[in-house]
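Accompanying notes for the structure given below.
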2 protein chains.
Amino acid sequence: MRPNILKMAGYVPGEQPRDGEYLKLNTNENPYPPSPRVFEAIQKNLTSDRLRKYPEPLGDSFREAAAPILGVAPEQILIGNGSDDILTIVTRAIVPEGGVLASLTPSYILYKSLAEIQGAHFLTVPFTADWKIPSPWPLQAHLVCVPNPNSPSGTFFDPTEVLRLAQESGGYVVLDEAYADFAPTNGLHLAQGKIIVSRTLSKSYSLAGIRFGFAVADRELVPQFIKVKDSYNCDVLSLAAATAAIRDQAYLAEIKAKLIRTRERLYNALLELGLSAIPSQANFVWCRSSGLPNQVIYQKLKERKILVRYMNYPDFGDGLRITVGTDSEIDSLLKALREILS
Amino acid sequence: MRPNILKMAGYVPGEQPRDGEYLKLNTNENPYPPSPRVFEAIQKNLTSDRLRKYPEPLGDSFREAAAPILGVAPEQILIGNGSDDILTIVTRAIVPEGGVLASLTPSYILYKSLAEIQGAHFLTVPFTADWKIPSPWPLQAHLVCVPNPNSPSGTFFDPTEVLRLAQESGGYVVLDEAYADFAPTNGLHLAQGKIIVSRTLSKSYSLAGIRFGFAVADRELVPQFIKVKDSYNCDVLSLAAATAAIRDQAYLAEIKAKLIRTRERLYNALLELGLSAIPSQANFVWCRSSGLPNQVIYQKLKERKILVRYMNYPDFGDGLRITVGTDSEIDSLLKALREILS
């Protein structure tokens with residue numbers, strides 16, 4: 001067993017209780033159902049012949065459907081078993097043992113685990129006070145992972161900043177756009193040269209259960225990533241679901257608009273409750289209490305069968321990341337918070 | 001980009017034509033449908049709530065269902081997105097950059113790709129003339145991958161031989177039992193200490209399309225592998241399908257019996273056609289022609305819309321690996337072979 005594996009703690013995903021008794025506002029799942037087209041597509045593929053045969057290795061049907069929607073070439077798209085698979089593939093292709101994977105902080109804590117699994121050094125650079133990328137970027141890295149919008153803050157920077165980042169860090173950059181569908185713009189058009197854009201269907205497309213993500217990258221890079229991925233990394237039902245979901249942009253626009261309205265309402269209500277919150281461009285809001293400890297609030301919500309994500313960063317402190325639910329779910333949350341904080 | 005990635009050729013999976021016009025006897029898919037319980041389980045899980053939420057990270061429902069059937073503890077089971085995912089996880093946990101991954105030869109060519117991705121040395125040891133593990137095992141390795149039954153030969157060795165192999169190679173051993181359900185016995189009971197048994201539902205359970213495999217290992221090892229796997233590596237529909245499939249052992253026994261009967265018929269017919277074939281304990285038969293070149297036979301079958309797997313090993317030569325189909329599919333194959341060879 002490699003010493004880096006024995007030594008590492010391992011990434012701990014948010015709580016996923018098996019029963020349905022909790023209101024889950026802890027892992028940024030979408031409260032709305034997936035597009036009805038997704039169910040039709042899965043039903044259509046639910047045949048003996050589809051299940052017993054291997055799926056398309058490169059997901060060509062998805063690539064051909066997604067390319068014109070994303071404004072890229074099919075050959076620029078790499079399919080993944082969730083965007084965690086994309087991040088894993090890119091890390092394995094780029095970062096050698098003893099190399100450097102860097103990230104901004106506070107941010108997605110999986111980046112650290114990816115570096116540790118690879119036996120690489122993990123270095124972090126704090127965001128600026130207004131949640132931008134520091135200028136100049138202070139260190140060299142084989143790979144820098146930058147989420148935009150960022151988790152847990154929900155903040156957003158101008159995506160073209162990654163051009164500078166790629167130049168100054170001297171390596172590759174993953175622009176992790178897991179939450180980009182909730183933001184005013186995105187960096188898809190930047191996916192060339194050393195910049196790779198990562199996306200997931202877990203959040204905006206309500207498909208966390210089926211595991212589908214993709215990268216958009218330079219067409220020279222994608223064949224290298226294909227060497228690293230498992231041959232059949234996406235299954236036949238996930239591919240069908242993802243293809244149907246990305247085709248239904250009208251449905252995406254509809255639930256996105258609802259979520260953004262609820263997000264703004266949640267943000268304002270948190271401020272009214274006396275919590276400090278950060279304006280968010282994602283499907284969650286980060287907030288902190290200056291009175292009752294954040295962890296106590298988390299615990300008291302959990303007692304009321306409401307799960308939010310308590311997070312504690314050594315160099316940033318702790319707080320609560322609250323997923324944007326439906327309006328009635330957020331009403332329940334706010335009612336509970338009023339009781340707890342009163 | 002790491003030099004080992006740029007340099008490697010990449011694993012090329014068997015042809016997966018998108019249309020249904022070919023009789024596919026090339027990638028060891030099962031010709032029979034999955035258990036009817038699989039369809040019921042997928043339908044039951046095809047709800048908005050299941051699709052929009054993350055699946056169980058460790059697949060506890062599958063582990064609890066599978067453990068008593070396999071005669072192991074749930075904590076000994078690691079879930080994988082196909083057994084390729086299992087092989088990837090185990091390799092990443094055990095083999096450092098510059099380390100040694102070894103395999104027998106001729107065998108599953110993915111092992112080489114796994115070593116190359118990891119930046120490790122890939123060493124091979126030929127099977128003995130009667131397809132056993134050489135004694136003594138001649139080299140030290142961090143990890144040795146041994147498939148049993150082996151592909152492409154379909155041959156089988158006494159699984160307890162891996163105890164000796166683990167001792168003599170000084171490292172871990174993956175006993176790759178992708179085809180074990182077609183063999184007279186298996187090595188599940190050996191999954192402790194440094195021996196890891198890998199399984200897939202792609203072959204015997206007719207579920208190549210949904211991507212599900214698992215490992216059985218020492219309960220001290222599984223937590224290390226969990227650190228390396230993606231948090232949600234198996235999706236909600238695959239988990240439901242796999243759980244239903246493994247519970248239906250009666251159905252497995254039924255289609256396995258049919259396949260074994262057809263396998264023996266195929267083997268005998270190949271001999272009658274003047275081909276040299278090896279007795280198989282898997283769901284395929286390896287054969288060679290001493291007349292018309294094997295590649296020409298492959299090509300002529302393909303012209304007749306029948307796909308078999310042409311394989312060529314530098315140290316072993318070439319041949320055809322023919323998947324056991326239904327009786328009528330094998331009739332079609334044999335008819336075509338008779339025409340081609342006459």
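All of the numbers you see were taken from the coordinates with simple rules; none came from a lab. A quick note: this is a predicted structure, and the numbers were derived from the prediction, not measured. Cβ: placed from backbone, ideal geometry, glycine included. Neighbour counts: every protein chain shown.
A few notes on this one:
- Kirkwood Rh and Cα Rg combined as Rg over Rh, evaluated for the protein assembly as shown: 0.98
- Summary of packing: across the peptides A:55-62, B:68-75, the per-residue average of other C-beta atoms within 10 Å ranks them, highest first, as A:55-62, B:68-75.
- Against the empirical curve 2.2 N^0.38 Å, the C-alpha radius of gyration of chain A lands at a ratio of 0.99.
- With a cut-off of 10 Å between beta carbons, the residues surrounding A:E15 carry a summed charge of +3, where Lys and Arg count +1 and Asp and Glu -1.
- Mean partner shielding of peptide B:203-210, defined as the number of other chain Cβ atoms within 10 Å of each residue Cβ, is 6.
- Put simply, the amide H of A:Y172, placed in the peptide plane, has neighbours under 5 Å in A:L143, A:V144, leaving out anything fewer than 5 places away on its chain.
- Here's how it looks for A:N28: its modeled amide H is under 5 Å from those of A:T323, which are all 5 or more places away or on a different chain.
- The ranking of B:K53, A:K305, A:K300 from fewest to most other beta carbons within 10 Å of each one's beta carbon is A:K305, A:K300, B:K53.
- Sorted from nearest, the other copies put their A:S135 label points 7.2 nm away, the label point being 7 Å from Cα in the direction of Cβ.
- Protection proxy ranking, highest mean first, for peptides A:89-96, B:82-89: B:82-89, A:89-96, where packing is the per-residue count of other beta-carbon atoms within 10 Å, averaged.
- With neighbours defined as other Cβ atoms within 10 Å of a residue's Cβ, the residues A:W131, B:W286, A:W137 order from fewest to most as A:W131, A:W137, B:W286.
- Summarising the label geometry, the points placed 7 Å from Cα in the beta-carbon direction at B:E339 and A:D318 lie 7.4 nm from one another.
- Counting charges near A:P293 (Lys, Arg +1; Asp, Glu -1) among other residues having Cβ under 12 Å from its Cβ returns a value of +1.
- Nonlocal amide H pairs with B:G99, under 5 Å, H built at 1.01 Å: B:H121
- If a spin label sat at a point 7 angstrom from the Cα of B:Q249 along the line to its beta carbon, the backbone N atoms of the stretch B:59-95 nearer than 15 Å would be those of B:64-74.
- Peptide B:1-11 has a mean of 5 when you count, residue by residue, the C-beta atoms of other protein chains within 10 Å of its C-beta.
- Computed from phi, the 3J(HN,Hα) profile of the stretch A:137-152 under the Karplus parametrisation 6.51, -1.76, 1.60 (θ = phi - 60°) reads 5, x, 9, 8, 8, 5, 8, 10, 9, 10, x, 8, x, 8, 10, x Hz, with x in place of Gly and Pro.
- Computed from the Cβ-Cβ distance with R0 of 30 Å, the FRET efficiency linking B:D49 to A:L292 stands at 0.40.
- In terms of other Cβ atoms within 10 Å, A:Y232, A:Y267 run from fewest to most in the order A:Y267, A:Y232.
- Nearest beta-carbon to the B/A symmetry axis - residue in chain B, distance in Å: B:E97, 2
- Sorted shortest first, the separations between the B:G291 label point and its copies elsewhere in the assembly read 9.2 nm; each point sits 7 Å from Cα along the Cα-to-Cβ line.
- For the stretch A:111-229, the gyration tensor built on C-alpha atoms gives a rounded shape. Its axis ratio a/c (a ≥ b ≥ c) stays under 1.5.
- Calculated from backbone phi, Karplus (6.51, -1.76, 1.60) coupling profile of the stretch B:106-111 in Hz, x at Gly/Pro: x, 7, 5, 6, 4, 3
- Ascending list, in nanometres, of distances separating the B:R164 label from those of the other copies (7 Å, Cα toward Cβ): 6.6
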